[in-house]
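The values are calculated or read from the model by the stated rules, or taken from the named source; none is laboratory data. Note that this is a predicted model, so its numbers are computed, not measured. Positions of Cβ are generated from backbone atoms using ideal geometry, with glycine treated the same way; all protein chains shown enter the neighbour counts. These area figures cover heavy atoms from the full protein model, side chains too; ligands, DNA and RNA do not enter into them. Shrake-Rupley method; radii C 1.70, N 1.55, O 1.52, S 1.80 Å.
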Amino acid sequence: ARIDDSDGEFLLIEAADFLPKWLNPENSDNRVFFYKGELHIIPLSEAHEQVSAASPTISQALALLSARSAEFLAAEPIRTAVYKRISGYPEKIQASFHRAHCYLPAGIVAVLRQRPSLVAAAVQAFYLRDPVDLRACRSFQTFPPDERVMTVVTFTKCLYAQLVQQKFLPDRRSGYTLPLPSHPQYKAYELGMKLAHGFEILCSKCSEVSPDSKRNVLRSPLWERFLSSLKEKHYFKGEMEGSAKYMELLHMAEDYFEQSVAKPESSVELSPGDEILTLLQTTTIDLKEFEREAACLPPEDDDSWLEITPDDLDQMLKEARSESLPASDEEEQKYDLEAVAESVKAFVSKVSTHEGAEMPWSPDESPVTFDVDSFTKALDRILGADSEELDSDDLDEEEEFDFSDEDDDDLDAENQRQDQKLSPNELIGSLKSYMNEMDRELAHTNVGKSFTTQKKGASSVNANTSQNAGPNSGAEDTELTPVDVDMNLVANLLESYSAQSGLAGPTSNILQSMGVYLPENADHIGSNKGATE
């Protein structure tokens, strides 16, 4: 068995953190199966080159599963994640239903008695309505509001929420009117009105129904495919189309097809609107019976589940991610900020691709290697004098500053020194000296003062540096105190996190994706409480 929907192999979404890197929505078709109660994934490997270029066909996939199912058993983490999501079904389905009172036309009540699942198509039609769809809801030719009764309709919670949350006022010409919001059955009237609009939209989209229901059935795409199949199998025995023998065989096929389509399991090929109209023609509507049942309806379900607090939402998200936040103040006080810095370090050490950066879920993965020789060779090619040429901008600058002959001599001497290629160690040392000079210049600016430095007393190194300094050297020549990278990183993250004021933001999103959860800002909370008091 395989299961998919408009999102593709949606079961794999539950196991997204554990899927192999080669598996993606483009090549997952016909690769994921339940076989003998276990989840199997047909791999993309050299051993199956005949199906590796594209997704396999159903027949190819079934042949591989039958012959080598043990090789295709999904990994344990994948199966665990999927089974956790689907555990408890089909019993758990009942928890997804919501039963509500609706004031509906008797025709819709009769249709829903025969096909309760049509409520989904009606809700979607109303939810995705456009001005063209609403034109049919001005007159309500199929479901006029004259004969309405109170009934209980079973929705899924998603469908019920879609219907309830839509703000909609009916057209005055439709005949559907609503009582005052203070009316005890206002919600039932409103739900019934919205649902009736959905059913009317569905019926308006289907083809005009012929008085002869047989002709209507024979206009379906299913009949066209059935007729093509008969022709391919030489059902008409070479008879000329339109001849007496041909028409006799055609009528026999039509009778057989009409009887087959009348069965519920074969009617899925019909559009929801066609199915509704067919049911209206074949179903007896007993208005008095509906009114008697309306007098003793069971109570509707409580819809308080629609309202959730921010804390409830956080709890739902934590359960979905199987993560737990610190629950007590003691745990928050013991929070190790070094974990934040280490997580960011692990993140920046990863390699990113055009598909994005990967979060460091596994600390066991080896860090990115750095080839010093390749790096210095690349720098040598970039900075070397052999490949250095003056462009037009350089010439313009030379003319603008009007270099003297002495400057030219200095430049020539400098170029001669650059012509002598430096060793890798000398090149790295030269780069470090440049960086040190830059640090010295920035140390006494606002940029340099904005960083937190490591706490360090006067050391012998500082003393030696001061002694070796010349008479013109001052504080600028003293050894710079190293910047505390971890402290600056954590301070900036905490400042950004505090600025989010408890809302979603870049800092919390990045850290949570790494499995790091920051506690609330106790100082900020305390100040707010004090201001309130």
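Worth pointing out:
- Residue-wise HN-Hα couplings along the stretch 70-83, as the Karplus relation 6.51 cos²θ - 1.76 cosθ + 1.60 with θ = phi - 60° gives them from phi, are 4, 6, 9, 4, 4, 4, 4, x, 5, 5, 4, 5, 5, 5 Hz; Gly and Pro carry x.
- Near-label residues of the stretch 272-286 by backbone N, under 17 Å of a point 7 Å along Cα→Cβ of D5: none
- FRET efficiency estimate (nearest 0.05) - Cβ-Cβ, S59 to S271, R0 30 angstrom: 0.50
- Among Q60, L44, L12 - extreme Cα towards positive end, dipole of the stretch 10-86, charges at beta-carbon: L12
- Backbone amide hydrogens, once placed in the peptide plane, bring V149 within less than 5 Å of L104, A106, excluding anything fewer than 5 places away on its chain.
- For T453, the amide hydrogen comes within under 5 Å of the amide hydrogens of D484, counting only partners 5 or more places away or on other chains and with H modelled in the peptide plane.
- Efficiency of FRET between Q185 and F97 - r from beta-carbon atoms, R0 22 angstrom, step 0.05: 0.55
- Each residue of the stretch 491-497 is assigned a 3J(HN,Hα), and the resulting list reads 4, 5, 5, 5, 5, 5, 5 Hz, derived from the Karplus form 6.51 cos²θ - 1.76 cosθ + 1.60 (θ = phi - 60°), x at Gly and Pro.
- A full extension of the chain between S374 and S501 corresponds to an added length of 41.1 nm, given 0.36 nm per residue minus the alpha carbon distance.
- FRET efficiency, 1/(1 + (r/R0)^6) with R0 51 Å, evaluated for T154 and V516 via beta carbons: 0.70
- Couplings 3J(HN,Hα) of the stretch 289-300, computed from phi: 5, 4, 5, 5, 5, 5, 6, 9, 6, x, x, 7 Hz, in residue order, whole Hz [Karplus 6.51 cos²θ - 1.76 cosθ + 1.60, θ = phi - 60°; x for Gly and Pro].
- Between I86 and T481, the simple label model (points 7 Å from Cα in the Cβ direction) yields a spacing of 6.2 nm.
- Fully extending the segment from Q141 to F34, taken as 0.36 nm per residue of separation minus the present Cα-Cα distance, adds 33.8 nm.
- Against the criterion of solvent-accessible heavy-atom surface with a 1.4 angstrom probe, T156, T376 sort, most first, into T156, T376.
- Our estimate of slack between A491 and C296, defined as 0.36 nm per intervening residue step minus the Cα-Cα distance, is 63.7 nm.
- Gyration tensor verdict on the stretch 1-160 (Cα atoms; rounded if a/c is under 1.5, prolate if a/b is larger than b/c, oblate otherwise): prolate
- Distance between the pseudo-spin-label points of I428 and E338 (7 Å out from Cα toward the beta carbon): 2.7 nm.
- Distances between placed amide hydrogens fall under 5 Å for H98 paired with F155, T156, K157, all partners being 5 or more residues away or on another chain.
- Within the accessible area of the stretch 10-86 (1.4 Å probe), percent carbon and sulfur: 58
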